[in-house]
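Inspection log for the structure reproduced underneath, given as structure tokens.
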Amino acid sequence: MQRLALFDLDDTLVDRRLAFSAWATEFAGERRLGGEAAGWLIAADRQGAAPRDQFFREVRERFGLAQAPEELWAAYRARMPELVRCDPKVLDGLSQPRASGWRVGIVSNGMADNQLAKIERSGLGERVDACCVSGDVGIRKPDVRIFELAAERCGLMPAGGGWMIGDNPEHDIAGGRAAGLRTMWVGGQDRWPGGGLRADRTVVDAAAAIGLLLDGAPGAPLR
């Protein structure tokens, strides 16, 4: 198996949940929406699962805002990259597999301006060989073609295998498996929600995944 490691972005390499919570608090405070507004925004977001156009239509209706949903969404895309952080352990850790001959890529769903800005502002752009963002390439996970394109952008053959590391059972684990990759599920302290499907390894965070790559990925079985 070739030394290829593809990582998801949100809630894998960066803490999207924390950034969204900060955005929701800021958004509610600036517009004086009331003490319960931030909690409502976080719940309505469904950990990023709610389609953004639908989410901002609901936000506008819920709070009677004058701005169009498209304007709210554009402002959100501009602000979120400023709030996202990557753990320094992950940033420093990514240089280690690359120094050992690994090619490292990012495969992310989302709008190109938002996701690519997150990658650059967090410092990840300098630490990986290639990025594939669905809004940029016109293919979304779990479509196997986005994983194949990421491998090609890393200078490797799509059929040569490798690892996909991410937190989403369908997009990252099922998609990576379908593309012929071994998989690591970034689950924190959560229990596996993916039914009968199983990842090859489970890890608490991206730093632990990097450690497994360097150790030959023995890892712990899925909980």
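The values are calculated or read from the model by the stated rules, or taken from the named source; none is laboratory data. Since this is a predicted model, take the numbers as computed values, not measurements. Neighbour counts run over all protein chains shown; Cβ positions are idealised from the backbone, glycine included. Surface areas here come from the heavy atoms of the whole protein model, side chains and all, with no ligands, DNA or RNA. Shrake-Rupley method; radii C 1.70, N 1.55, O 1.52, S 1.80 Å.
Rounded to the nearest 20, the size of the Cβ-charge dipole of the chain about its Cα centre is 320 debye, with Lys and Arg at +1 and Asp and Glu at -1. I need the shape label for segment 23-79. Rule: rounded when a/c is under 1.5, else prolate if a/b > b/c, else oblate, with a, b, c from the alpha carbon gyration tensor. Cα axes put segment 23-79 in the rounded bin.
To put it simply, the accessible area of the chain at a 1.4 Å probe is 48 percent carbon and sulfur. Only the Cβ atoms of Lys and Arg (+1) and of Asp and Glu (-1) were treated as charged; on that basis the dipole of segment 20-116 about its Cα centre amounts to roughly 240 debye.
Quick one: accessible area per residue over segment 22-100, 1.4 Å probe, rounded to a whole number of Å²? Before the final figure, lay out each step's value.
Details: 4450 Å² over 79 residues.
Result: 56 Å² of accessible area for each residue.
Taking the chain as a Gaussian network of alpha-carbon nodes connected by springs under 10 Å, the highest mean-square fluctuation of the residues Arg31, Arg198, Arg177 belongs to Arg31.
Out of Asp45, Asp11, Asp53, any idea which swings most in a Gaussian network model of the chain, alpha carbons joined below 10 Å? With Cα springs under 10 Å in the chain, the top fluctuation among Asp45, Asp11, Asp53 is at Asp53.
Most tightly packed first, judged by the mean number of other beta-carbon atoms within 10 Å of their residues, the peptides 134-144, 116-126, 68-78 read 116-126, 134-144, 68-78. Using C-alpha pairs below 8 Å separated by at least 6 residues, the relative contact order for the chain is 21 percent. The helix-only estimate of mean residue ellipticity at 222 nm for the chain, built from DSSP H runs of length n ≥ 4 each weighted as -39500 (n - 2.57), is -13000 deg cm²/dmol after division by the residue total. Once the 1.4 Å probe is applied to the protein heavy atoms, segment 112-223 comes out at 44 Å² accessible per residue. For Thr183, the residues whose amide H sits under 5 Å from its own are Met164, Asp200, Arg201, ignoring neighbours fewer than 5 places away on the same chain, with H placed 1.01 Å from N. Largest mean-square fluctuation among Arg127, Arg79, Arg60, in a Gaussian network model of the chain whose springs join Cα atoms under 10 Å apart, belongs to Arg60. Projecting the Cα atoms of Asn109, Gln96, Met184 onto the charge dipole of the chain (Cβ charges, centred on the Cα centre) puts Met184 farthest toward the positive pole.
At q = 0.10, 0.12, 0.23 Å⁻¹ the log10 of I(q)/I(0) for segment 94-223 amounts to -0.29, -0.43, -1.59, computed by Debye summation with a single uniform scatterer per C-alpha, solvent ignored. For a distance above 27 Å, tell me the whole-number percent of Cα pairs in the chain that qualify. Summing the P(r) of the chain above 27 Å gives 33 percent of all pairs.
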